[in-house]
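Enquirer: Let me give you the structure first, and then I'll get to my questions.
Read-outs: derived from the displayed coordinates by stated rules, not from any lab. Remember, predicted model here, so these are calculated numbers, not experimental data. Note: ideal-geometry Cβ built from the backbone for every residue, glycine included; neighbour counts use all protein chains shown.
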Amino acid sequence: MYEGAIQDLIDALGRLPGIGPKSAQRIAFHILQADAEIATALVDSIRTVKERVKFCVECGNVSEEDQCRICRDPRRDNTLICVVEESKDVIAIERTREFRGKYHVLGGAISPIDGIGPEQLRIRELMARLADPGIVEVILATDPNLEGEATATYLSRMIKPLEIKVSRLASGLPVGGDLEYADEVTLGRAFEGRRDV
């Protein structure tokens, strides 16, 4: 345990997701040894993000304006909504260049262990968007883990009565993977999601 400012920095860094005590210590000492300009740039970047970045009023994605770039784009297909857990998922899907609709960011996934229920997510806002008669399909692109599956199941039960098509991203074997290393759930999903060739 260090004293004063360096320990305060290690503690602050350690509260960030995915950063354990050793990583926090390494980052703190890197900042300490770096040029003052690098540390100042980091501080300025954090301050700027907190001052300028907000969440899109329509989809919940990060934006510096009231509406994000995707929601403002008139070329996007307004009849399709892809539901994701976090803004980083929007970026991952956008990199594929396969989806031209709009998004809805939930802000997480249902996780009773973590105290996150449907009320803590942007589900109410999604249901309000789905009141638009122009929506023809909702694609559930939550993570393929226990929380993501629970969230997708919950959403599909809520959306089905609206007579809107609900689909789920396929999951299965990764390209370049070997069958012998696939777990049973992944292999089972690959069989479920097989398609004609």
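Enquirer: So in the range 75-168, what percent of DSSP beta bridges are antiparallel if you round to the nearest 5?
Expert: Roughly 5 percent of the beta bridges in the range 75-168 run antiparallel, per DSSP.
Enquirer: Here's another thing I want to ask about it. Within the chain, what is the longest stretch that has no GluC sites (Glu not before Pro) placed in a DSSP loop and near at most 14 other beta-carbon atoms within 10 Å?
Expert: It works out to 99-162.
Enquirer: Using Cα atoms only, what is the angle between the long axis of helix 36-52 and the major principal axis of the chain, expressed in degrees (0 to 90) to the nearest 10?
Expert: Approximately 40 degrees, to the nearest ten.
Enquirer: Measure nothing fancy, just the Cα-based angle from helix 21-33's long axis to the longest principal axis of the chain, in degrees from 0 to 90, nearest 10.
Expert: 50 degrees
Enquirer: Shifting gears a bit: Among PRO17, PRO144, PRO74, determine the one that fluctuates most according to a GNM of the chain built with springs between C-alpha atoms less than 10 Å apart.
Expert: Most flexible of the set in this elastic network: PRO17.
Enquirer: Checking the cross-link filter: which aspartates and glutamates have an alpha carbon closer than 14 Å to that of LYS54, excluding same-chain neighbours under 8 positions apart?
Expert: GLU64, GLU65, ASP66, GLU86
Enquirer: Tell me the label-point distance for the pair VAL53, ASP114, using the 7 Å Cα-to-Cβ offset, in nm and rounded to one decimal.
Expert: 1.7 nm
Enquirer: Divide by every residue of the chain the summed helix terms, -39500 (n - 2.57) for each DSSP H run of at least 4, and state the resulting mean residue ellipticity at 222 nm, rounded to the nearest 500 deg cm²/dmol.
Expert: Per the formula, -13000 deg cm²/dmol.
Enquirer: Considering only VAL43, GLN33, ASN145, whose Cα is most displaced toward the positive end of the charge dipole of the chain, charges sitting on Cβ of Lys, Arg (+1) and Asp, Glu (-1)?
Expert: ASN145
Enquirer: Helix 4-14 against the longest principal axis of the chain: what's the angle in degrees, Cα atoms only, rounded to the nearest 10?
Expert: It works out to around 10 degrees.
Enquirer: Something else about it: Using a 7 Å offset from the Cα along the Cα-to-Cβ direction at both ILE27 and MET127, what is the distance between the two label points in nm, to one decimal?
Expert: 3.7 nm
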